[in-house]
1. Rg to Rh for segment 77-125: what is it, with Cα atoms only and Rh by Kirkwood?
2. Which FRET efficiency value, to the nearest 0.05, is calculated for residue 92 and residue 126 with the Förster distance at 30 angstrom and r the Cβ-Cβ distance?
3. With r defined as the distance between the Cβ atoms of residue 100 and residue 76 and R0 fixed at 22 Å, what FRET efficiency is calculated, to the nearest 0.05?
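What follows is calculated from the coordinates using simple rules that are stated; it is not laboratory data. These figures come from a predicted structure and were not determined experimentally. Using ideal geometry, Cβ is built from the backbone for each residue, glycine included, and neighbour counts are taken over all protein chains shown.
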C-alpha cells in the first residue's frame, strides 16, 4: 500500500514539475517524446517489403530518414553534408551509411563538376518506390494517432510545427 502511494506521489510530482516548466521547454520535450514514440511505432509498421530492401543496413530509421529527406528535396541539389546536418550524424557515419545504401541501390552519389570534394546524393528508382510505400505506412499510422483530435487542432499544430521547423532552419544556417 505504502509503495503505491509513493508511486502516485512521484507521478504527480513529475507531472507538476513538467507543468512548471516554461512552454517552450514543455513543447521541446513533448516533440522529442513524440518523435521517439512515433519513430518506434512507425518502425514496427514498416511493411516487410521495405524491411527486406533495407536489410543489412545499419539503423534503418536513419536510412528511412535519409530517403525521406532526399524525397522532400528531390528538386534541389542535396549533398552529403546536408544529409549529415539533417540527420545529426558525423561525416564518417554518413559516409558509411550512404556507402551501404549505394550498394543496395537506394541512393546514387555523384561528384559535381564545380567541387570534387563534395558528393551530391540522389534517390534511385528503387528508393522512389520505397518512398511511396513509406508514405502509405506513415499515413496509416499517423491517422490512427490522430483519431479523436479535431481538424482545427491538427491544423494549428501543423502550422506551429512548420513555424518551428522554419525557425530551426534559419538558426542552423552558418553565420557569415
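1. On the way: Rg = 10.3 Å, Rh = 10.9 Å.
Rg divided by Rh gives 0.94.
2. That gives a FRET efficiency of 0.75.
3. Working: r = 24 Å, r/R0 = 1.07.
Once rounded, the FRET efficiency stands at 0.40.
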